[in-house]
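The values are calculated or read from the model by the stated rules, or taken from the named source; none is laboratory data. These numbers come from a predicted model, not from an experiment. Here the Cβ positions follow ideal geometry from the backbone for every residue, glycine too, while neighbour counts run over all protein chains shown.
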Amino acid sequence: MGATILIIEDTEAHRVLLRDILALTGKEIIEATNGEEGIRLAKEIKPELVFMDLHLPDMDGITATKILKEDPLTGDIPIVAIGSYESSQEKRLFLAIGGNVYLSKPLDVEVILSVVKQLLARH
């Protein structure tokens, strides 16, 4: 499979918002509600891009990102972090483990679409 974006987000309202925004890209959108499911789906479908909530119920998004970045199957997939608030420590940690872009809520449609365009052009 290809031409997909994977959303790993446990809050339904945030998933719906991201799905609606990302649908504007014309890509297929796949969703996971926790880190374990997200990692499994990323390995199965090898999406072009992952949007990762950093505050998941089973494992934090930093851990899930680290697992994906260390795996040869998924290590080259760009990952966009979605944080609940602007945290410089969380942002530094995410970027240090290989994450690509850190965004904090509330989400901005134009920023998200710009980030997607930039990351997919490089990928």
Only one of 41, 17, 107, 95 is part of a helix (DSSP H, G or I) and touching a residue at least 60 places away in the same chain (Cβ under 8 Å), namely 17
Looking only at residues in segment 83-96 that are under 14 Å from the mean Cα position of the chain (by Cα) and modelled with pLDDT of 90 or more, which one is nearest to residue 64 (Cα to Cα)?
-> 94
Of those in segment 12-44 that are crowded, with 17+ Cβ neighbours inside 10 Å and closer than 15 Å to residue 105 by Cα, the residue modelled with the lowest pLDDT is 14
Look at residue 47 and say whether it is part of a loop (DSSP other than H, G, I, E, B) and modelled with pLDDT of 95 or more.
-> yes
Scanning segment 88-123 residue by residue, those loosely packed, with under 13 Cβ neighbours inside 10 Å, of a type in the set (Val, Ile, Thr) and closer than 19 Å to residue 48 by Cβ turn out to be 111
Those residues that are outside any helix (DSSP H, G or I) and over 13 Å from the mean Cα position of the chain (by Cα), I need them from segment 50-74; list them, please.
-> 57, 58, 59, 71, 72, 73
